[in-house]
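One structure is given below, encoded as structure tokens.
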Amino acid sequence: MGLVIFADTGNQLHYHFIMADWRKTAEINGDVVFFRYAPEGVTKGLNEVFVWDLDKTYLDTSIDSLQGLFKTIMEKALNKKNVPGTDTLLRNLAQYRAENRGSEYFPIYFITASPPQLEDRIAEKLYIDNINPLGCFYKDNLKNLRPSRMWRLTKQVGYKLQALMQLRTMLGESVKQICWGDDSESDAIIYNLFSDICARRISPNDIRNVLEQLYVTGDQVDVILNLQAQIPTCDPIEKIYINLATDTDPEYYLKFGRRTLPTYNTFQVTLDLYQDKKINFDGVYEVIQDMIYNYHFTAEELMKSFDDLIRRGVLNEEAFKDLKAKFVEKGLLHSSYEPSHNIFDKKYFIEEAWVQEHIDYINEYR
């Protein structure tokens, strides 16, 4: 890893770093740095890919400030903390897929705004968690530690969108992507914009106008449009999960459609994945135990999260009955439990579109 040294003298921040050999193993395109961990031929044959934003979605990190970036740089792999339940969920997703599809590789990619100098430390953390991604994207962010570029530290739309577009060029035409993000870095906007760009729902001029208003530089917009010309015209996004790390109102996400699901914790994500038959109940229960015994959640809190998904119309009636029976059997619910809102009576429930036909990416209203 590159050695990074910060010294705060008065109001001026001095830094320098020694260039490490990460450039020898990375694929670099502007500020997007990609580390490939699996043979190139593997990716084209994948029919399903998981894409995780690392910060505040898998790892409990904060890199949207100088202080947070510095802490992340100095933190050892063993000290990096997971968002509660995420490592257990990922291992169970991988195990279920291996048992049911016989897959040699678990098709997961991570995207982080951490600098590539941290690649070996983050790779070590993933190894400790027994997670083996096919690749990771990093943002070459240390070069932004200068007065004229400081604003770029916290602007992630251009970087993440370019990373997603680059990943799309590596995958087959019929692939489906399940994406994870959080509410601190415009991830819902990024993933839905990516979907619209892939499907050609919006014109190149509109793409340029939207991205410029989201502080994406003209050069990076050109790169994104060039990548668009290299991919098929189809929408690869199957589902988008948004971790409510900063307690954004989940109703805000209705502007994107039901495909974008805001969640309060990993348990809610796990329930939806169970409903979609991507994990078994043993995996669900292991996540519950992890969150209770290692992160001090209570069973009551988790069951309130279960009720919240029912109230929001996320879980269908079949999944509700199935899960209720299993939770009662495990002593997590009383047999007399009924949801706080009977959304299964359709006259009281208005179902939103799966994907909204038009999304206002600039204004904070539907």
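Can you say whether Ile362 is among the β-branched types (Val, Ile, Thr), touching a residue at least 24 places away in the same chain (Cβ under 8 Å) and not in a helix (DSSP H, G or I), as far as the supplied structure shows?
Yes; evaluated as a whole, the condition is true for this residue.
Six or more apart or on different chains, Cβ atoms under 8 Å: show the pairs whose first residue is in region 19-41 and of a type in the set (S, T, N, Q) and whose second is surrounded by 14 or more Cβ atoms within 10 Å (Cβ to Cβ).
Thr25/Phe35; Asn29/Gln162; Asn29/Gln166; Asn29/Val223
Condition check ((1) surrounded by 15 or more Cβ atoms within 10 Å (Cβ to Cβ); (2) of a type outside the set (A, V, I, L, M); (3) under 26 Å from Asn100 (Cβ atoms); (4) touching a Phe, Trp or Tyr at 6+ places or on another chain (Cβ under 9 Å)) across all residues:
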| residue | (1), (2), (3), (4) |
| --- | --- |
| Ser203 | no, yes, no, no |
| Val221 | yes, no, no, no |
| Gln230 | no, yes, no, no |
| Asp247 | no, yes, no, yes |
| Tyr274 | yes, yes, yes, yes |
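Only one of (1) in contact with a Leu (Cβ under 8 Å, 6 or more places away or on another chain); (2) modelled with pLDDT of 95 or more is not met by Leu153, so which one is it?
Going through the list (1) in contact with a Leu (Cβ under 8 Å, 6 or more places away or on another chain); (2) modelled with pLDDT of 95 or more, Leu153 breaks only (2).
Applying the selection to region 304-329, what residues are part of a helix (DSSP H, G or I) and either touching a residue at least 40 places away in the same chain (Cβ under 8 Å) or closer than 22 Å to Glu251 by Cβ (or both)?
Hits for region 304-329 are Lys304, Ser305, Phe306, Asp307, Asp308, Leu309, Ile310, Arg311, Ala319, Phe320, Leu323, Lys326.
Filter region 60-119 down to residues that are surrounded by fewer than 16 Cβ atoms within 10 Å (Cβ to Cβ) and either touching a His at 6+ places or on another chain (Cβ under 8 Å) or under 19 Å from Thr266 (Cα atoms) (or both) and give me whichever is modelled with the highest pLDDT.
Within region 60-119, the match that is modelled with the highest pLDDT is Lys81.
Give me the residue from region 100-117 that is part of a helix (DSSP H, G or I) and touching a residue at least 24 places away in the same chain (Cβ under 8 Å) and, out of that set, farthest from the chain's Cα centre (by Cα).
Gln117
Anything in region 178-219 that is of a type in the set (S, T, N, Q) and in contact with a helix residue (DSSP H, G or I) (Cβ under 8 Å, 6 or more places away or on another chain)? List them, or say none.
Ser186, Asn192, Thr217
Which residues, taken from region 221-266, are assigned to a loop (DSSP other than H, G, I, E, B), under 18 Å from Cys179 (Cα atoms) and among the acidic types (Asp, Glu)?
Asp235
Scan region 177-198 residue by residue and report those that are free of Cβ contacts under 8 Å to residues at least 60 places away in the same chain and in a strand (DSSP E or B).
Selection gives nothing.
If we keep just the residues of region 36-54 that are in contact with a Phe, Trp or Tyr (Cβ under 7 Å, 6 or more places away or on another chain) and under 12 Å from Leu167 (Cα atoms), which is surrounded by the most Cβ atoms within 10 Å (Cβ to Cβ)?
Across region 36-54, the extreme among qualifying residues is Val51.
So that you can scan it fast, the table gives a plain yes or no per residue for (1) under 19 Å from Thr246 (Cβ atoms); (2) of a type in the set (Lys, Arg); (3) modelled with pLDDT of 95 or more:
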| site | (1), (2), (3) |
| --- | --- |
| Leu171 | no, no, yes |
| Gln177 | no, no, yes |
| Ser184 | yes, no, no |
| Leu193 | no, no, yes |
| Cys198 | no, no, yes |
| Pro204 | no, no, yes |
| Ile207 | no, no, yes |
| Leu211 | no, no, yes |
| Gly218 | no, no, no |
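Suppose we keep only residues that are surrounded by fewer than 24 Cβ atoms within 10 Å (Cβ to Cβ) and touching an Asp or Glu at 6+ places or on another chain (Cβ under 9 Å) within region 163-181. Which one would you say is farthest from His358 (Cα to Cα)?
Selected residue: Met170.
The values are calculated or read from the model by the stated rules, or taken from the named source; none is laboratory data. Bear in mind the structure is a predicted one, so any value in this text is a computation, not a measurement. Neighbour counts are summed over all protein chains in view; Cβ atoms, including those assigned to glycine, are modelled from backbone coordinates with ideal geometry.
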